[in-house]
1. Taking strands (runs of 3 or more DSSP E) that fall entirely within the range 28-147, which contain at least 1 residues that are charged (D, E, K, R)?
2. Among (1) under 15 Å from the mean Cα position of the chain (by Cα); (2) more than 30 Å from Thr57 (Cα to Cα), where does Met137 come up short?
3. Has the range 59-80 got at least one residue that is of a type in the set (A, V, I, L, M, F, W, C) and loosely packed, with under 14 Cβ neighbours inside 10 Å?
4. Run Ala82 past the list (1) in contact (Cβ under 8 Å) with a residue 40 or more places away in the chain; (2) closer than 18 Å to Asp134 by Cα; (3) not hydroxyl-bearing (Ser, Thr, Tyr) and report the number of the one that doesn't hold.
5. Can you report the number of residues in the range 81-94 which are surrounded by 14 or more Cβ atoms within 10 Å (Cβ to Cβ) and among the charged types (D, E, K, R)?
6. Among what's in the range 94-134 and is among the β-branched types (Val, Ile, Thr) and over 29 Å from the mean Cα position of the chain (by Cα), pick the residue that is nearest to Gly40 (Cα to Cα).
7. Determine, yes or no, whether Ser30 is more than 30 Å from Leu105 (Cα to Cα), exposed (fewer than 10 other Cβ atoms within 10 Å of the Cβ), modelled with pLDDT of 50 or more and among the small types (Gly, Ala, Ser).
Amino acid sequence: MKTFKQLALAAAVLATPFMAQADLQAMDDSALSSVTGQDGISISGSFNGSIGSVVYTDGDANGGSLRLETIAFTGFNISDTAPVLVDVVTTDIGGTDTQQLQISLPTITGQVSVGAIKIGDTSAASIGSLAISDMNMAGTTVKIWGH
């Protein structure tokens, strides 16, 4: 009995593609002309990260350095309903149609914070911190192509 059930299940699985195609119907040109398609890639998600430090060193004779420590970016969310769009577009560049990879950014919200700002070496006392909020890059478009 167990073998019979397994055989019936296998037959049902193998028959599924044929059942799915049973309702396919040919479309005439007038019906096909109203069909639109879309391609490209959409990216959404939640992005967080950290950077241990960023150091700027002045190279002149009186040199010194500025050190930003404990850098974090949090809450950068890209919604499924307004994702980053990646597509191939054709643009006229100097009379030549050129295909380009186009990356369009939606509203991306989030915060960047710097836990400590130090002047001098790593043992220096912090002179404060920094926070950047409500960053918005909506409407930004980047195009990439070879030449």
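The values are calculated or read from the model by the stated rules, or taken from the named source; none is laboratory data. Being a predicted model, the structure only gives us computed values, none of them experimental. Cβ sites come from the backbone with ideal geometry, for glycine too, and all protein chains shown count toward neighbours.
1. Values: elements: 41-43, 45-57, 65-78, 84-93, 96-104, 109-119, 130-133, 141-144.
Counting at least 1 such residues, we get 65-78, 84-93, 96-104, 109-119, 141-144.
2. Tallying (1) under 15 Å from the mean Cα position of the chain (by Cα); (2) more than 30 Å from Thr57 (Cα to Cα), Met137 fails exactly one: (2).
3. At the first step, the residues of the range 59-80 found to be of a type in the set (A, V, I, L, M, F, W, C) are 61, 66, 68, 71-73, 76, 78.
Still in the list and also loosely packed, with under 14 Cβ neighbours inside 10 Å: 61.
Yes; the residues of the range 59-80 include at least one that is of a type in the set (A, V, I, L, M, F, W, C) and loosely packed, with under 14 Cβ neighbours inside 10 Å.
4. (1)
5. Looking only at that region, the number is 1.
6. Going residue by residue through the range 94-134, those that are among the β-branched types (Val, Ile, Thr) are 96, 98, 103, 107-109, 112, 114, 117, 119, 122, 127, 132.
Subsequent filtering for residues that are over 29 Å from the mean Cα position of the chain (by Cα) retains 96, 117, 119, 122, 127.
Details: Thr96: 23, Ile117: 42, Ile119: 47, Thr122: 47, Ile127: 47 Å.
The extreme case among them is Thr96.
7. Details: more than 30 Å from Leu105 (Cα to Cα): yes; exposed (fewer than 10 other Cβ atoms within 10 Å of the Cβ): yes; modelled with pLDDT of 50 or more: yes; among the small types (Gly, Ala, Ser): yes.
In short, yes.
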